[in-house]
1. The conditions are (1) assigned to a loop (DSSP other than H, G, I, E, B); (2) at positive phi; (3) in contact with an Asp or Glu (Cβ under 8 Å, 6 or more places away or on another chain), and ARG244 fails exactly one of them. Which is it?
2. Can you spot a residue in region 296-304 that is of a type outside the set (A, V, I, L, M, F, W, C), out of contact with any Cys (no Cβ under 8 Å at 6 or more places or on another chain), in contact (Cβ under 8 Å) with a residue 12 or more places away in the chain and more than 19 Å from ARG343 (Cα to Cα)?
3. Only one residue in ALA239, ALA228 is among the hydrophobic types (A, V, I, L, M, F, W, C), surrounded by fewer than 19 Cβ atoms within 10 Å (Cβ to Cβ) and out of contact with any helix residue (DSSP H, G or I) (no Cβ under 6 Å at 6 or more places or on another chain). Which one?
4. Here are the criteria: (1) within 30 Å of ARG327 (Cβ to Cβ); (2) crowded, with 16+ Cβ neighbours inside 10 Å; (3) of a type outside the set (Lys, Arg). Tell me which single one PRO216 does not satisfy.
5. Could you list, in sequence order, the residues of region 187-205 that are small (Gly, Ala, Ser) and modelled with pLDDT under 85?
6. Which one is modelled with the lowest pLDDT among residues in region 126-169 that are over 24 Å from TYR400 (Cβ atoms) and of a type in the set (S, T, N, Q)?
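The values are calculated or read from the model by the stated rules, or taken from the named source; none is laboratory data. A quick note: this is a predicted structure, and the numbers were derived from the prediction, not measured. Here the Cβ is made from the backbone with ideal geometry for all residues, glycine too, and neighbour counts use every protein chain on show.
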Amino acid sequence: MRSPHRMAVSDPSEEISPHNPYEELGALAPNPLEDFLKEDREDAAEAETPWEPPNHRRGSRRRRNRFAGLPLAVKAVVALAVAAAFLVLADRWALLYAEHEAADKLKDQLDLSAAPEVDIEGFPFLTQVFDQRLDEVKVTVPDVAADRVSLAKVSATATDVTMKGDGPTSLHGAVIGQMRGEVLLSFDDLNRELGASQVTFTGHGRDKVYARGTLPVAGHDLKVRADARIERNGDRGVATDIDRMRLEIGDMATYRPGARESEGLHLSREGARRVADESSKAKALLAVPAIAQRLGVPDAAVREALRSDAKLNDVTGSPEFVDDVMRLNLIDVAMGHPALLKRLGLDPALLKGLDALTRPVLVDRLSLAFELPKLPGEGAMRLQGVKVEKDGIRVGVEGYGIGFGK
């Protein structure tokens, strides 16, 4: 009996081939030939595309877009910062311009060789200009001529300064309410200007200055020594009281300018001892009757001393003889007996040179006195304390109501 269902007979050609895993891997792997052809086509496409210049504005556009995306508050802060930077720059420019103009006006009005250094303190400057009043101004003036010497530096700080003008570019004057500063008279300048590299000034104590060096007199370089006392002279001047001036002629004699008994040309102790020890010098001295009388030697003793060396030794060997010889003013004696100085070992040409080098002349050559130049305006300026320091003489300065410019 046949089954009601017909059994299907499979076609051998339709049979399913066995599963090959390598074929699946090959399908997943890229085709090298296809990739090569693809790259070739892309290169050809790039070669056909026309060249265009690069667009550098894309980045700025992106930056603008980025800035546009910032919050409004941040934009305001940035704008304020930029504006403040420009205001500060304008303020500093106006300050430098005003300082330069002020320095030029001071140079012209004080007849200075160089423009001073002017520093206007306070910030901001423009607000002070609008108020026409400066809080503080510092001025430093180098090399100010003051009579025979130059002041190394004049520095001052001015406060309560009222400006005259409409703005920083149109200032034409100022009035200083109060000023305080100091003046320096440098020892280096004094040595150069007064000593001519031969006399050196050094400080000693609070108010004394020593002058030590040499001065040429009649072809001889004589050692000079002097002490100067510094003090204020009036409101604008400094005076010098020079004392104990003397010129040393080797170790033989000392010259002190002046009319007092202790002043004039005197033998030093070493010179007086040489006169006492050397018979020729002692006889030359005793041979002048005026000198013998001033020495207190009797005429009979003088006659015996001139004839006998033993009697001469008795006269010159007394303890008082050296001191008495030192008290002799050889200037007065040598005027009547010009050959005496030569017999004593001194150059007679020194007489004329020392006679011309009077006390006023020597004081003038060693004087450290000076007077500040008169400042313009109707204000008052005066010197204060004077003190001697290591580098020079410092004097305080103060002033009120000092006007500059128009």
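1. ARG244 satisfies every listed condition except (1).
2. yes
3. Result of the check over ALA239, ALA228: ALA239.
4. Failed condition: (2).
5. GLY195, ALA196, SER197, GLY205
6. THR169
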